Amino acid sequence: MIDKKHFKVFKDIVGDGNIYDDKAHMIAYSYDATRERFEPDCVLFPRDEEEVSKILRYCNEHKILITPRGAGSGFTGGALPINGGIVLAFEKHMNKILEIDMDNMLAIVQPGVINMTLQKHVEELGLFYPPDPASENYSTLGGNVSENAGGMRAAKYGITKDYVMALRAVLANGEIIRAGKRTIKDVAGYNIAGILTASEGTLAVITEITLKLLPKPKFASSYMAVFPSVDNAMNAVFKSLSLGANPVAMEFIDALSIKAIKEKLGINLPENAGALLIGDIDGNVKEEIEFQTKILEESFKENGANDFKVSKSEDERKEIWNARKNVSQCVTIYGSKKLNEDISVPRSKLPDALREIYKIGEKYGFSVPCFGHAGDGNIHVNVMVDGSNKKELEDGHCAIEEIFKLIVDMGGTLSGEHGIGLSKAPFMDIAFNKAELQLFKEIKKAFDPNNILNPGKMGL
Ligand SMILES: Cc1cc2nc3c(=O)[nH]c(=O)nc-3n(C[C@H](O)[C@H](O)[C@H](O)COP(=O)(O)OP(=O)(O)OC[C@H]3O[C@@H](n4cnc5c(N)ncnc54)[C@H](O)[C@@H]3O)c2cc1C
């Protein structure tokens, strides 16, 4: 609990109307998408980097805890103030697009800018910011960088880290640092922007982000293919990519998820569908789309696809994506609580990984519908349990732990998108050895010796 005497200092820094400690605000800033609740002692809305610096310097001197927060859409508890203290929120003031540099094709933004705001803004200028987490309409770029968010377009365009050129950030002691440059090449010094990306608010507070932009592709279409089995679909992924297909997205939906979609949305899909692949193709000339479509169609059919559809209009694109966009809510037919993990494996391991995941589900008696990004090896695994049944919940968590061990043994990782935060902190020693964990701790200590920045997250 912060001594209220400090509030006067914070008010002097951020000004009236930018500090709150009333119950309504404490509740509003106590949550994220994990639905766990931890109330802070106060929330501050800094107006600029200088104020962030003053707040951190003061908090460091008085050992007051700080949790930076974007939109609170994180799935692993990163923005939760688990030990109270201050929530530092950027949505009110530090939410501006500062510059679009057309010649160098980059954007400079404050951390509170919403992902979709930047996407729309640059598209009006003929440019393109590809990272598109499904939370793009509300998650912030500060949160995206801090979680290294990815999206459907990752198969072709990569994830947030591939676009971060430079950052400005405030260290725990209030010092302001610049990491990276506007240049494409920069090999001078450690890659601090790289270390801060995915650091989940544990190392520094990000106050400015320089992002690479691309030219906006002129043409796009969507495709959907139905396969008899997961193995057929995965082989089609490998085959088509090795033949030169370069789809923007290559999304996978398994048989259990297809059944749920049919039941909940009434979408007309074949009874015996074992897996679906859905995605987009883009390019600057129509011939490129035709070439990509041809490779996909041929290699999908060679690998057992019994239906291959390509959109001819925007409406048809929406219709194709309907199944994928709504699958997450549909799988709740299998249980009231979804223990949802976003494991990632080398793409070639996906068929084995899925086979073993289903076996773990069978062992515990749970349905485990899976869907996700086959093009980049990142799959959403949903262990479905009865949330009101304590034993099922415990068993569900045991199943998750087994899945994590399996994935790490296959050369994969605990999280392809959502980060570690609070939820996955207990599993860090499955994924990292002692020396690696110690290195993380030393890095944390170098940035934040008094452990005031988001303590307890990522197992730190
Ligand atoms: C429906 C839904 C769909 C989603 N889909 C995807 C998806 O497709 N891909 C994906 O990757 N994620 C997805 N997510 C998860 C989430 O949206 C992302 O992790 C997103 O990047 C979080 O952004 P945010 O602004 O909400 O950050 P928050 O949740 O507020 O914070 C996330 C972390 O960033 C830190 N942080 C925030 N701002 C700063 C800052 N300025 N400086 C330092 N640290 C900071 C916080 O302390 C916290 O640790 C989804 C979430 C939901 C609810």
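Of Lys156/Lys349; Lys349/Lys444; Lys4/Lys444; Lys11/Lys92; Lys96/Lys318; Lys239/Lys318, which ones are farther than 24 Å apart at the Cα?
Lys349/Lys444; Lys4/Lys444; Lys96/Lys318; Lys239/Lys318
Name the long-range amide H neighbours of Asn148: under 5 Å, sequence gap of 5 or more, or other chain; modelled H, no Pro or chain starts.
Result for Asn148 returns Ala198.
When the Karplus curve 6.51 cos²θ - 1.76 cosθ + 1.60 is applied with θ = phi - 60°, which whole-Hz ³J(HN,Hα) does each residue of the stretch 385-399 get, with x for Gly and Pro?
10, 7, x, 8, 9, 4, 5, 4, 5, 4, 4, x, 5, 5, 4
With both partners inside the chain, how many of the DSSP beta bridges are antiparallel, as a percent to the nearest 5?
Percent antiparallel among DSSP bridges in the chain is about 90.
Kirkwood Rh, the chain, all Cα pairs: how many Å?
Result for the chain stands at 23.2 Å.
Please report the net charge: other residues with Cβ closer than 10 Å to the Cβ of Asp386, K and R +1, D and E -1.
Residues near Asp386 contribute +2 overall.
For Phe371, what is the net charge nearby, where nearby means another residue's Cβ is under 9 Å from its Cβ and Lys, Arg count +1, Asp, Glu -1?
Once positives and negatives cancel, what remains is -1.
Which residues does a label at Leu243 reach in the stretch 309-325, if reach means a backbone N under 15 Å from a point 7 Å past the Cα toward the Cβ?
So the set is 309.
Per 5 Å bin, what is the whole-percent P(r) computed from every C-alpha pair distance within the stretch 5-92?
3, 16, 27, 27, 17, 8, 2
Under 24 Å Cα to Cα from Lys390, which lysines show up? Leave out anything in the same chain fewer than 8 places away.
Within the straight-line limit of under 24 Å, Lys390 reaches these lysines: Lys337, Lys338, Lys359, Lys363, Lys405, Lys424.
Cα axis of helix 255-265 to longest principal axis of the chain: angle in degrees, 0 to 90, nearest 10?
On a 0 to 90 degree scale, this one is about 80.
Taking every DSSP beta bridge that has both residues in the stretch 34-148, what percent is antiparallel when rounded to the nearest 5?
Counting DSSP beta bridges with both partners in the stretch 34-148, the antiparallel share is about 40 percent.
Hey, how many Å between the Cα centroid of the stretch 157-232 and the Cα centroid of the stretch 322-377?
Here the two parts' Cα centres lie 27 Å apart.
Quick check on packing: order 340-350, 389-399 by the mean number of other C-beta atoms within 10 Å, highest mean leading.
Packing order, densest peptide first, comes out as 340-350, 389-399.
Please give the helix 115-124 orientation as an angle from the longest Cα principal axis of the chain, in degrees from 0 to 90, rounded to the nearest 10.
Relative to the chain, helix 115-124 is tipped by roughly 70 degrees.
Where does each of Lys312, Lys54 land when they are ranked from fewest to most other beta-carbon atoms within 10 angstrom?
Lowest count first: Lys312, Lys54.
Against the longest principal axis of the chain, how steep is helix 286-302, in degrees 0 to 90 to the nearest 10, with axes from Cα atoms?
That works out to roughly 60 degrees.
Taking the Cβ of Leu98 as the centre, find all other residues whose Cβ is under 13 Å away and add up their charges (Lys, Arg: +1; Asp, Glu: -1).
Neighbourhood net charge equals -2.
Here, each number is a calculation from the coordinates, and none is a lab measurement. It should be emphasised that the depicted structure is a prediction, and the values quoted were computed from it without experimental measurement. Positions of Cβ are backbone-derived with ideal geometry, glycine not excepted, and every protein chain shown enters the neighbour counts.
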